[in-house]
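The values are calculated or read from the model by the stated rules, or taken from the named source; none is laboratory data. Keep in mind the model is a prediction, meaning the values are calculated, not measured. Every residue, glycine among them, receives a Cβ derived from its backbone with ideal geometry; neighbour counts consider all protein chains shown. Note: areas computed on protein heavy atoms with side chains; ligands, DNA, RNA excluded. Shrake-Rupley method; radii C 1.70, N 1.55, O 1.52, S 1.80 Å.
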Amino acid sequence: MAPEHPLIPFDILDEIVYFLHDDHTTLRALALVSEILLPRCRRLLFHRTDLRIDHPGNYILINLFIDHPEIRTYIQTLSLSLVTPAYPTGQQDLSYYVGAFKVLQFLICELDHIEHFVLEDFYWNGTIAKQMNPSIRRILALPSLKAITFRNVTNLPLTCLYYCRYLTQLEFDLVEFTENLSVFEGPAPDSNVIHLKSLSVNNDKIYPERPFVAAAVSGFLDGEKQRIDVSHLDHVSIFAAGNSDGQFFWKIVRKTATSLRSLSLICNGKHCLVKLCSK
């Protein structure tokens, strides 16, 4: 007769399962053979969830949310990619993806515990932006959200950060900003300042002759309309293409030198870094 309780203590089981946190094949196998391990494996399997437009896995996830609502609380890192596949007719007829957008919107509305939001491969303009802006606003306004990564995003309006209240980590990876703030339309939230602890910027490959990073971010860091407080930064990593960007972020570093624990600043190669540090 099988014992009612496992012979191995629960804390040891937790350690064993967590040791396999990046081995999804083994976690799936364990989840199928043990009711005791099932919730522990699910917690790790769904800790990071990737949503892709028109992906068959989105419909499977909807069924899981309905049948096992506790799974929604396991998702702490959400990666959202909105690259549209090839259109069946060869034309960019977004009406074909209306259903796909609705699926994404439904899934996002079910998530309330996101701590890290990754938005990647997204052109922030036109029909796609209008379809997804309400859902993205909802994520940004979550009290649980602590970190955001923008990766390979075009026409990023920094006004989207107005909706963040408890953000501490911000990362821009190959991002092009826009001055057209209307691409992120919506009700303006109350004024709030983000107190960053970590700032990472990698813009080495996009328009190196344009200081768009400094131009886009400067209004959010200085002046009466300051929305990002960098006075308590303890980690800064800047890999910028333009000299103006490097000089601008070097000013940030000098302002926060007393709180910094980690610093990586490379602008237009090592020579620029040495030149900036010598000033």
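Just to check your reading of the model, which residue among Ile66, Ile62, Ile53 is out of contact with any His (no Cβ under 9 Å at 6 or more places or on another chain) and either buried (at least 19 other Cβ atoms within 10 Å of the Cβ) or of a type in the set (Gly, Ala, Ser) (or both)? Quick ask: steps written out before the conclusion?
Values: Ile66 fails: either buried (at least 19 other Cβ atoms within 10 Å of the Cβ) or of a type in the set (Gly, Ala, Ser) (or both); Ile62 fails: either buried (at least 19 other Cβ atoms within 10 Å of the Cβ) or of a type in the set (Gly, Ala, Ser) (or both).
Answer to the check: Ile53.
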Checklist entry - In segment 34-50, what residues are open to solvent by 60 Å² or more (accessible area, probe 1.4 Å) and closer than 30 Å to Phe122 by Cβ? => result Arg43, His47, Arg48, Asp50
Checklist entry - Which members of segment 14-33 meet the condition of being open to solvent by 70 Å² or more (accessible area, probe 1.4 Å), assigned to a helix (DSSP H, G or I) and without any contact (Cβ under 8 Å) to a residue 12 or more places away in the chain? => result Glu15, Ile16, Phe19, Thr25, Leu32, Val33
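If you check Ile75 against the conditions, is it surrounded by 11 or more Cβ atoms within 10 Å (Cβ to Cβ), touching a Phe, Trp or Tyr at 6+ places or on another chain (Cβ under 7 Å), modelled with pLDDT of 85 or more and more than 22 Å from Leu145 (Cβ to Cβ)?
Numbers: surrounded by 11 or more Cβ atoms within 10 Å (Cβ to Cβ): yes; touching a Phe, Trp or Tyr at 6+ places or on another chain (Cβ under 7 Å): yes; modelled with pLDDT of 85 or more: yes; more than 22 Å from Leu145 (Cβ to Cβ): no.
Considered against the rule, which asks whether it is surrounded by 11 or more Cβ atoms within 10 Å (Cβ to Cβ), touching a Phe, Trp or Tyr at 6+ places or on another chain (Cβ under 7 Å), modelled with pLDDT of 85 or more and more than 22 Å from Leu145 (Cβ to Cβ), Ile75 comes out as no.
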